[in-house]
Amino acid sequence: MRQLIRTALILAALLSGGCATQPKAPVVPPPVPKPAPKPMPPSPPQPKPAPAVVCPPPAPETPPPTPAVTPNLSQADWSSLPGWQNDDLLQAWPAWLESCAALKNKPEWQAVCAASEALKPADTATVRTFFENNFALYQSRQADGSEDGLITGYYEPLLHGSLTPSAKYPIPLYSPPADLLTIDLSSVYPQLKNMRLRGRIQGNKVVPYLDRADIDDGSNPLKGDELVWVDNPVEAFFLQIQGSGRIQLPDGSMMRVGYADQNGYPYRSIGRVLAQRGELPLAQTSMQNIKKWGQRHPDKLPELLAQNPSYVFFRELPNNSSGPLGALGVPITGERSIAVDARAIPLGAPVWLDTTIPSSDEPLDRLVMAQDTGGAIRGNVRADFFWGFGNEAGKIAGRMKQTGRMWVLLPKDMPVPGELPDPSIAKAKVVKK
């Protein structure tokens, strides 16, 4: 369940002119005309324009550069894997079987998933032998060949809400609005492959969708699309960052919600905004400290939240799932699932993560599954570690900004991928940190 800055730039460039013919160079607004010394002859009458047809506008002649994020996997040896002999791999096996539920019909994964479903391991040694015999190990490196990257954390929060609005529950969470368009231009403009733009129709043009400030300005432009109402605007904001959560209703029952769509704007960190304004040191811009700042400055809070234009829309999920659904379409597992950049690491693949516990030097070396994606999870060595459900998971996830390394496990007969598609983000945690 967490858009790049380039998406916003192309939205601005591509969704500003509807289907009218565009010049090859970027359009520059004309200067305001000065009064002419003599009246000009009237312009000849213009023909009545034909009815507008809504269609994707043409791409600029030279599209913005695409970030170079593609698999950069170098073969490695199991003996060089830090902590491989120490992890209780049996604890990772259920998460691996969840990956196989989504991968087992793909040719390159069929054999290894069939063997996994038949194995029924009873101990860690059996699991370790299985992976070593059936998988090849590759270290994921940055484009420049370096090994280190950023590892953050996310979790499934608990909120309190109601299916009807009230003074106690005034903050709406929205379903995807009916007027939200998803535009895929790749079939016409291959250079825009892996990009999905969001917009809406305004008159005879396709324009960018409403940003957070537009949606939350008090005019209620999405009236009728409310899914549920909650009691706290900051908790609602961070639920959008996490991408999924549980909502306790007044009768004590639980409602599970998850990412359904997004308004098309890139995520902007409000923690970084606070640091730039001198409100908090950058090193202290954790989720917990941002929440405390909001409690101290309720009058400044709406303006701060509006600095992040990205807005997430939700859907109700079944309560009987073992966890929130990740981008792979299977439930993710606390402390055994991560979100990755799916352009760099195949979704569903086992990944060996080498990092540290937040606020300590204690190693966090374990086998996890790449089962999720996020708007800010971009890069060959970049992961968001899922800590599970509830406040304790949230405390540690909010502090996690560690350096780490990553190794990818692929079936031995699977070719090393040279390029992977960027799936439409449907994640447990969407736009992140």
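Of all residues in the range 148-155, one or more are closer than 30 Å to Met255 by Cα and either surrounded by fewer than 15 Cβ atoms within 10 Å (Cβ to Cβ) or out of contact with any helix residue (DSSP H, G or I) (no Cβ under 7 Å at 6 or more places or on another chain) (or both). The residues on offer are Tyr265, Tyr311, and the sole one that is in contact with a strand residue (DSSP E or B) (Cβ under 8 Å, 6 or more places away or on another chain), closer than 25 Å to Gly326 by Cβ, modelled with pLDDT of 95 or more and hydroxyl-bearing (Ser, Thr, Tyr) is Tyr311. Checked against (1) modelled with pLDDT under 90; (2) open to solvent by 10 Å² or more (accessible area, probe 1.4 Å); (3) of a type outside the set (Asp, Glu); (4) assigned to a strand (DSSP E or B), Leu197 passes all but a single condition, namely (2).
Beta carbons closer than 6 Å, at least 6 apart along the sequence or on distinct chains, pair a first residue in the range 299-325 that is assigned to a helix (DSSP H, G or I) with a second that is of a type in the set (A, V, I, L, M) for Leu304/Ile270.
Look at the range 364-387: where a residue is within 17 Å of Arg141 (Cα to Cα) and a partner is among the aliphatic types (A, V, I, L, M) and open to solvent by 10 Å² or more (accessible area, probe 1.4 Å), sitting 6+ places away or on another chain with Cβ atoms under 7 Å, you get Ala370/Leu347; Arg378/Leu4; Arg378/Val69; Gly379/Val69; Asn380/Val69; Asn380/Ala143; Arg382/Leu150. If the condition is being open to solvent by 40 Å² or more (accessible area, probe 1.4 Å) and not polar (S, T, N, Q), then the range 215-224 contributes Asp216, Asp217, Gly218, Pro221, Lys223, Gly224. Taken over the range 149-183, the residue count meeting the criterion of being within 25 Å of Gly326 (Cα to Cα), touching a Ser or Thr at 6+ places or on another chain (Cβ under 9 Å) and of a type outside the set (Ser, Thr, Tyr) is 5.
A count restricted to the range 326-343 and to residues that are part of a strand (DSSP E or B) and over 17 Å from Ile377 (Cβ atoms) stands at 1.
A single entry from Arg366, Arg382, Arg405, Arg399 fulfils the requirement of being open to solvent by 10 Å² or more (accessible area, probe 1.4 Å), basic (Lys, Arg) and modelled with pLDDT under 95: Arg399. Within the range 97-146, restricting attention to residues that are closer than 18 Å to Ala370 by Cα and assigned to a loop (DSSP other than H, G, I, E, B), the residue that is least open to solvent (accessible area, probe 1.4 Å) is Gln142.
State whether the residues of the range 324-340 include one that is polar (S, T, N, Q), within 28 Å of Trp109 (Cα to Cα), open to solvent by 10 Å² or more (accessible area, probe 1.4 Å) and modelled with pLDDT of 95 or more. So far as the range 324-340 goes, yes, one or more of its residues are polar (S, T, N, Q), within 28 Å of Trp109 (Cα to Cα), open to solvent by 10 Å² or more (accessible area, probe 1.4 Å) and modelled with pLDDT of 95 or more. Scanning the range 206-246 for residues that are in contact with a Pro (Cβ under 9 Å, 6 or more places away or on another chain) and not in a loop (DSSP other than H, G, I, E, B) yields a count of 19. Does Pro176 satisfy the criteria of being open to solvent by less than 60 Å² (accessible area, probe 1.4 Å), closer than 30 Å to Ile201 by Cβ and not in a helix (DSSP H, G or I)? Yes: the conditions hold for Pro176.
The values are calculated or read from the model by the stated rules, or taken from the named source; none is laboratory data. Bear in mind that the values here come from a model prediction, so they are computed numbers and not experimental data. Neighbour counts are summed over all protein chains in view; Cβ atoms, including those assigned to glycine, are modelled from backbone coordinates with ideal geometry. Accessible surface is based on the protein model in full, side chains and every heavy atom, while ligands, DNA and RNA are left aside. Shrake-Rupley method; radii C 1.70, N 1.55, O 1.52, S 1.80 Å.
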